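Data first, discussion second: the structure below is written as structure tokens.
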Amino acid sequence: MNLVRARRTVLFGQYVYPASFLIILVVVVKWPLPGVVAAFVAILCLWGSLLSFSRWIGHASDERMELKEQLIQSQKLLALGEISTGIAHEINNPLNIIMQEAELMRMNFQQDLTEEEVSEIQESLDVILQQVERCSDITHKLLDFARSRRPVTQTADMNRLLVDMLTLVERETDAKHIQIVKVFSNDLPKIKTDPPLLRQVFLNLLINAVQALDGGGLIFVTTQCNDGMVCAEIRDTGPGISAAQIERVFDPFYTTKPPGEGTGLGLSVSLRIINQLGGDILLRSEPGKGAVFTVRIPIER
Amino acid sequence: MSRIRILVVDDEPDFLKLIQRRLGKRNVDVSVAASGQEALQALDVIPVDVVILDVRMPGLGGIETLKEIRKRHQEVEVIMLTGHGSMQSGIEGISHGAYDYILKPFSIEDLLERIRDAHEHAVLKRNARKVS
């Protein structure tokens, strides 16, 4: 390894360099003429070795770059693999249902149709239509994900955006005995952002919080402003997220919900939107202690 | 400032008439459509900045209409008209790219403000596209 060799040499040189200087000094003082010659030779040697060290270091940094590139490539492949599995899984479930229903219809058609069979066929058709819609929903979301909508920024009031989105989920929270506690900052500055995209993100986070609180609980929605960023915090008192899950929740198609209920795209799309708006989403959680999502958006963009 | 051109889609003729009268006085050009299909046909012919779309309509429903509009007319912004009984459709509307929603019953001022914001967004989007 070039890097190890270079590092060892530099370490060695740390001691040799001053030592050789001292020796040369002594030699020059004692025997001036041969001393000067020896000094010249020593300087040439040092220069030569420094030259080769720097070459080694150059090789070493090239090697490192290569390794980094390989790592990125393999990570990309890994992500692609995960995404493909996710898509396949999401599409396979409805496909399976469609196939079963189609077979059932074919069987029904083999004999003369009784009234009961006609209604069964009708039911099958309804189910197939439903499942096709589910598939097209998935492809829509994928397309949305791929074709990142370029944000268009206008002035918006984050408190108001949040209130509007809270109103939308209120019906569900009432039914599930979930209480919402709003702690809004009064002097929140207006932000330059893309309101419909931000609405989508807040709605996603709120729906996640509601779904995390199946047996009722509390959702705290807090807004504040610090260091040029406007922050919205959505905290629930649900079961929380384990450290292993935290690393993956923002990955596309990663979901903890039963099949058919979540595509696993909500959080990855949200993070992407917020990144496009120049902000970030922080997640803090511990199992049993609920989860806290914090959206931070720069005031000026 | 240029007049805002909107298209209101609702299956209730009385509501359409009322809103046309009220917004017409406020620097807004109002066209109307009684169904989703009618709205899509109208959008092909008349230039519109903002569509106000009822989520509950017979025939092509609000969400389906929204999806079609987003597909065919990306420069148009959509505001969903939601009732207390159709919050789920409001949620779907926002996640399918509607600009905003408004809960019935609403004040005309509130609606107007949301229309103005949506119009501004539509204009900015158009300009951004022209530049790039």
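Would you tell me the accessible area of residue A:61, worked out with a 1.4 angstrom probe on the heavy atoms of the protein chains, in Å² to the nearest 10?
60 Å²
Please give the total accessible area that chains B and A bury against each other, computed with a 1.4 Å probe and expressed in Å² to the nearest 100.
Summing both chains' loss of accessible area gives about 2100 Å².
Report relative contact order for the stretch B:51-132 in percent, whole number only (criteria: Cα-Cα under 8 Å, sequence separation at least 6).
28 percent
Using only Cα atoms, locate the centre of the stretch B:9-59 and the centre of the stretch B:80-106, then give the distance between them in Å, rounded to an integer.
16 Å
Over the stretch A:81-212, give the accessible area per residue in Å² for a 1.4 Å probe, as an integer.
Per-residue accessible area for the stretch A:81-212 comes out at 57 Å².
Given a 1.4 Å probe and the protein chains all in place, what does the accessible area of residue B:109 round to, in Å² to the nearest 10?
It works out to around 100 Å².
So, in chain A, how many Lys pairs have Cα atoms under 23 Å apart, if the pair is 8 or more places apart or on different chains?
Number of lysine pairs found: 9.
Keeping all protein chains in the complex and leaving out DNA, RNA and ligands, what accessible area do you get for residue B:117 with a 1.4 Å probe, in Å² to the nearest 10?
Rounded to the nearest 10, the figure is 60 Å².
Roughly how many Å is it from the Cα centre of the stretch A:13-66 to that of the stretch A:174-204, as a whole number?
If we compute the Cα centre of each part, the gap is 66 Å.
Calculate the FRET efficiency for residue A:183 and residue A:114 from the Cβ-Cβ distance with a Förster distance of 56 Å, rounded to the nearest 0.05.
0.30
Expressed as a whole percentage, what fraction of the accessible surface of the protein assembly as shown belongs to carbon and sulfur atoms when a 1.4 Å probe is rolled over the protein heavy atoms?
58 percent
Considering only protein heavy atoms, with the full assembly of protein chains and a 1.4 angstrom probe, order B:99, A:17 by accessible area, largest first.
Result, largest first: A:17, B:99.
Assign unit charges at the C-beta atoms only (+1 for Lys and Arg, -1 for Asp and Glu), then state the dipole size of the stretch B:1-68 relative to its Cα centre in Debye, rounded to the nearest 20.
Using only the charged Cβ atoms, the result is roughly 460 debye.
For the full complex of protein chains and a 1.4 angstrom probe, list B:101, A:15, A:254 by accessible area with the highest value first.
Correct descending sequence by accessible area is A:15, A:254, B:101.
For residue B:29, enumerate residues with amide H under 5 Å from its amide H, sequence gap 5+ or separate chain, H modeled in the peptide plane.
B:4, B:5, B:6
Name the residues whose placed amide hydrogens come within less than 5 Å of the amide hydrogen of residue A:217, ignoring near sequence neighbours (fewer than 5 apart) on the same chain.
Those qualifying (amide H under 5 Å, at least 5 residues apart or on another chain) are A:178, A:179.
Which of the three applies to the protein assembly as shown, rounded, prolate or oblate, going by the alpha-carbon gyration tensor with a ≥ b ≥ c and a/c under 1.5 meaning rounded?
Note, shape of the protein assembly as shown comes out prolate.
The values are calculated or read from the model by the stated rules, or taken from the named source; none is laboratory data. Everything quoted here is computed from the prediction, not taken from an experiment. When we count neighbours, we look across all protein chains shown, and the Cβ atoms used for this are built from the backbone with ideal geometry, even at glycine. Side chains are part of the model used for accessible areas, which takes the heavy atoms of the whole protein and leaves out ligands, DNA and RNA. Shrake-Rupley method; radii C 1.70, N 1.55, O 1.52, S 1.80 Å.
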